[in-house]
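Asks: Could you have a look at this structure, given as C-alpha cells, before my questions?
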Amino acid sequence: MRHPITIALAATAILTGLVAGFASNYVLFLLTSAAVSTVFMQSYGLITGRAGVIALCQLSFAAIGAWTVGWANVADVPGGFVVWLLLGGLAAVVAGVLIGLPALRLRGVNLAVATFAFATALDVVFTGIAFPGQDTFQLVRRPAGLTDDSSYFVFTVAVVALIFVGLWFLDRSRVGGALAEIRHSERAAAAHGISVVRGKLTAFALSAFVAGVGGGLMAGQLGIVAAGNFAAFASVAMFAIALFVGTNNIEGAIAGGLLGAVFPVLIDAIGIPQDLAALFFGVAAVQVLRLGGSQTDLLRAQRRQKKAAKNPPAPPSVPPPPLIPMRLRAVTDSEPALEVRGLRVRFGALTAVDGVDLVVPKGSVVGLVGPNGAGKSTFINTVTGFTGQYEGTVLLGGAPVDALPAHRRARAGLRRSFQQLRVPTTLTVGMFLQVAAGKPLTAEEIDEQLALFGCPAADVPVDTVDVATRRLLEVAGLAAGRPPVLLLDEPAAGHSASETRLLQQRLAEIPERFGSAVLLVEHDIELVRSTCDIVVVLDFGRVIAAGPPERVLSDPAVISAYLGTAPTTSKETS
C-alpha cells in the first residue's frame with residue numbers, strides 16, 4: 001500500500017502541471033496568489049490552529065521575509081531566489097522570537113492586542129522605509145529557469161507542498177503532540193513535563209518562518225512589494241479566515257488560501273465594497289466561537305464519529321479481575337519516594353492545607369482520601385508545582401523540588417493526572433500516550449501499554465473514545481513514562497464496574513511493573529481499600545488519620561468526617 005503523502009504529492013503534481021499548461025495568465029496570477037495565501041494560512045495553522053495562540057501579526061512576519069528577499073536581490077546575495085527565500089524565513093524567525101518572548105506572559109485578548117500593536121508598529125516602519133528595489137524599480141529575480149508565470153506557479157505550489165509535508169511530520173512528532181496539548185490545556189502540558197514557554201516560542205518561530213517564506217514568494221510573484229501588501233488590518237482579515245476554515249487542516253489551509261485570493265475578486269465583481277470583505281470573515285469567526293470549532297474541524301469530527309459508530313471498539317482483551325484486596329507489598333521500611341513536610345497553603349483568610357506531613361514509600365500505593373473540600377486537590381496541585389505560594393518542603397527521592405516550576409517537577413519524576421479530564425481530543429490514542437509518557441516509545445511498547453489498560457488501538461482518534469476510557473488512557477500514558485511518583489486525582493471517576501476492576505489491577509501492579517510509587521486521590525473507598533498499602537485521611541486541610549486501610553477506614557474520626565455526625569479531632573493511626 002502506497003503512503004498517502006506519496007499519493008497526494010503525485011496528484012498535486014499532475015493537477016499543477018495541467019493548470020500551468022492550460023490556464024490563462026490572469027487565472028495563473030489568481031492561483032499563484034492563492035498558493036501564496038495558502039502559505040500564510042499554514043502560518044496561522046501553526047500558531048493558532050496547533051498551539052492555540054491568538055496572533056494577529058503573521059503578515060508582519062511576511063513583510064520581513066519580503067523585505068529580506070528584496071534586499072538580497074538588490075545586494076545580489078549568492079545562491080539565488082531559493083536561498084533568499086530561506087533567508088527571509090530565518091529573518092522572520094528572529095522577529096517571531098522577539099515578539100514571542102514578551103507575549104508569553106499574556107493570554108487571550110491581551111495577547112491579540114499585543115501582536116496587533118506589533119503589526120501596526122511595523123506598518124509605520126515599512127511605510128516610512130521603502131522596500132529594497134522599490135525606488136529604483138528593481139524587480140526581484142525569480143528562480144533560474146522558472147521566470148515565466150506558469151513555471152513560477154509550479155514553483156510556488158511545490159513550496160506549499162513541501163510545507164504541508166513538514167507539517168504532516170510535525171503533527172506526528174512529540175513536538176506536534178506537545179503543541180496540541182498546550183492548546184488544549186497548559187496545565188496538563190506542564191504536568192507532562194512540557195515547557196509551555198518553550199512550546200509557544202517554538203510555535204512563534206515556526207509560524208514566523210512559514211510566513212516569512214510566504215512574503216518572499218509574494219515578492220517573487222509581484223516583483224516589487226510595498227507596505228500596503230502586508231497591512232495590519234489585512235492580517236486580522238486573514239486571521240478571521242483562518243479561524244473560520246481551520247487552517248491547521250490541509251483542506252482548511254487550501255480553502256483559506258483560495259478565499260483570501262479569490263474572495264476580494266468575487267465581491268468586486270458583484271459591486272460590494274472591498275472594505276466589507278473583512279466584515280464577512282469577522283461574522284464567520286463569530287460563528288466559529290458559537291459552534292466551538294472551525295468548519296474543517298467540525299467536518300472531520302463528524303466523519304470520525306460516524307466511522308467510530310460503524311466500527312465500535314472491541315472490549316478489553318484483558319478480563320478484569322474481581323474487586324478484592326490486592327496488596328502484596330511490604331513497604332514499612334521502604335525509603336520515601338515522595339516526602340512532604342509541614343505543607344501549608346493559604347488562600348487569603350482560608351487555610352486549605354494546614355501543616356500536612358505525608359510520606360509515599362518507594363514501591364507503594366498510598367491513598368489520600370477525605371470529604372469534599374478537605375484539601376486533597378490543593379495538596380496535589382501544590383506538590384506538583386501548580387500553587388504559587390506555600391509553606392513547607394516537598395522532597396522527591398530525598399531532594400527538595402520547591403524551587404522548580406511544574407514542568408520541571410514533572411521531568412524530575414512528579415507526574416500527575418487531573419480531577420477534570422484534560423486529554424486533548426485532537427490527537428490519536430498512540431500520540432497522546434507518547435505525550436503523557438514524556439519520552440519516545442516504540443510502536444510495540446505503545447501497543448502493549450494500550451492492551452494492558454484496555455484502551456483502543458494507537459491510530460484511533462481520542463475524540464471518538466468515551467470519557468472513562470480517556471481516564472484509563474491518561475493513567476496508561478503516565479505509567480509508561482515510569483516516573484518515581486505518580487499522583488492520580490480520581491482516576492476511577494465515571495468508570496463502570498468492569499473498568500474499575502481493570503483499573504484496580506493496574507494500580508496494584510504499577511509499583512512492581514513500572515517502578516513508580518503512587519499517591520491515589522479517590523472517592524471510591526472500596527478501590528482504595530483493595531489497592532492501597534497506606535491510607536491518609538484529610539479533613540479541613542489536616543491529617544486526621546493515617547495507616548493501614550482497614551484500621552483507618554474504620555476509625556470513628558474518619559467515619560465522622562465522611563458522615564458529618566460530629567466534629568473531628570486530629571488523630572494518627574500507626
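The values are calculated or read from the model by the stated rules, or taken from the named source; none is laboratory data. Being a predicted model, the structure only gives us computed values, none of them experimental. Using ideal geometry, Cβ is built from the backbone for each residue, glycine included, and neighbour counts are taken over all protein chains shown. Keep in mind that these areas ignore ligands, DNA and RNA; they rest on the heavy atoms of the full protein, side chains included. Shrake-Rupley method; radii C 1.70, N 1.55, O 1.52, S 1.80 Å.
Asks: Could you calculate the contour length gain from T351 to V27, that is, 0.36 nm times the residue separation minus the distance between their Cα atoms, to one decimal place in nm? Spell out each step's value before the answer.
Replies: Numbers: separation 324, 0.36 × 324 = 116.64 nm, distance 6.91 nm.
The T351-V27 span can extend by a further 109.7 nm.
Asks: Nearest 10 degrees, 0 to 90: what angle lies between the long axis of helix 80-103 and the longest principal axis of the chain (Cα atoms)?
Replies: It works out to around 40 degrees.
Asks: Tilt of helix 497-514 relative to the longest C-alpha principal axis of the chain, in degrees (0 to 90, nearest 10)?
Replies: Approximately 90 degrees, to the nearest ten.
Asks: Using a basic spin-label model with each label point 7 Å from the Cα along Cα→Cβ, how many nm lie between A399 and E444?
Replies: Here the modelled spin labels are 3.2 nm apart.
Asks: Just read off the accessible area of R542 with the full protein assembly in place, 1.4 Å probe, to the nearest 10 Å².
Replies: 130 Å²
Asks: While we're looking at this one, here's another question. How do W67, W84, W168 rank by accessible surface area computed with a 1.4 Å probe, from largest to smallest? Can you show the working numbers first?
Replies: On the way: W67 80, W84 10, W168 60 Å².
Of W67, W84, W168, the descending order of accessible area is W67, W168, W84.
Asks: Counting only the heavy atoms of the protein chains, how much of F280 is accessible to a 1.4 Å probe, in Å² to the nearest 10?
Replies: 100 Å²
Asks: I'd like the distance separating the alpha-carbon centroids of the stretch 526-560 and the stretch 149-226, in whole Å.
Replies: Here the answer is 51 Å between Cα centres.
Asks: Averaging over every viewing direction, what projected area does the convex hull of the Cα atoms of the stretch 85-179 cover, in nm²?
Replies: Taking the Cα atoms of the stretch 85-179, their convex hull projects to 8.9 nm² on average.
Asks: Would you please calculate the Kirkwood hydrodynamic radius of the stretch 418-574 over all C-alpha pairs and express it in Å, rounded to one decimal? Could the numbers behind the result be given before it?
Replies: Values: mean 1/r = 0.0598 Å⁻¹.
Hydrodynamic radius (Kirkwood, Cα only) of the stretch 418-574 equals 16.7 Å.
Asks: Can you compute the label reach from R290? Point 7 Å from Cα along the Cβ direction, backbone N cut-off under 15 Å, restricted to the stretch 231-269.
Replies: Within reach of a label on R290: 244.
Asks: Say R0 is 22 Å: what FRET efficiency, to the nearest 0.05, do V97 and A121 get from their beta-carbon distance? Intermediate results must be reported in sequence, preceding the final value.
Replies: On the way: r = 17 Å, r/R0 = 0.76.
Efficiency, from the Cβ-Cβ distance: 0.85.
Asks: Can you give the accessible area of R551, probe radius 1.4 Å, in Å² rounded to 10?
Replies: For R551, solvent-accessible area is about 130 Å².
Asks: Using +1 on the beta carbon of Lys and Arg, -1 on that of Asp and Glu, and nothing else charged, what's the dipole of the stretch 93-241 about the Cα centre, debye to 20?
Replies: Details: 10 positive and 7 negative charges, 123 e Å.
Charge dipole of the stretch 93-241: 600 debye, to the nearest 20.
Asks: Ok, one more. Measure off, as a whole percent, the carbon and sulfur share of the 1.4 Å-probe accessible area of the chain, all protein chains present. Walk me through the numbers before you get to the answer.
Replies: Numbers: 15980 of 25400 Å².
That fraction is 63 percent.
Asks: Helix 149-171 against the longest principal axis of the chain: what's the angle in degrees, Cα atoms only, rounded to the nearest 10?
Replies: The angle comes out near 0 degrees.
Asks: Considering every pair of different Cα atoms, what Kirkwood radius, in Å, is found for the stretch 427-515?
Replies: Values: mean 1/r = 0.0774 Å⁻¹.
One decimal place: 12.9 Å for the Kirkwood radius.
Asks: Further question on the same structure: Can you tell me the length gained on complete extension of the stretch I14 to R107, counting 0.36 nm per residue apart and subtracting the Cα distance? Show your work: numbers first, answer last.
Replies: Working: separation 93, 0.36 × 93 = 33.48 nm, distance 4.38 nm.
Taking I14 through R107 to full extension adds about 29.1 nm, to one decimal.
Asks: Using modelled amide H (1.01 Å from N, peptide plane; none on Pro or chain starts), what sits under 5 Å from the amide H of L368, excluding residues fewer than 5 places away?
Replies: Correct list: L520, V521, E522, V536.
Asks: Which whole-Hz couplings ³J(HN,Hα) result when phi for each residue of the stretch 7-17 is put into the Karplus expression 6.51 cos²θ - 1.76 cosθ + 1.60, θ = phi - 60°, listed in order with x for Gly and Pro?
Replies: Taking θ as phi minus 60°, the curve returns 5, 5, 5, 5, 5, 5, 4, 5, 5, 5, x Hz for the stretch 7-17.
Asks: Once you have the Cα-Cα distance between S498 and D76, take 0.36 nm times their residue separation minus that, and quote the gain in nm to one decimal.
Replies: Numbers: separation 422, 0.36 × 422 = 151.92 nm, distance 7.09 nm.
Contour length minus the Cα-Cα distance gives 144.8 nm.
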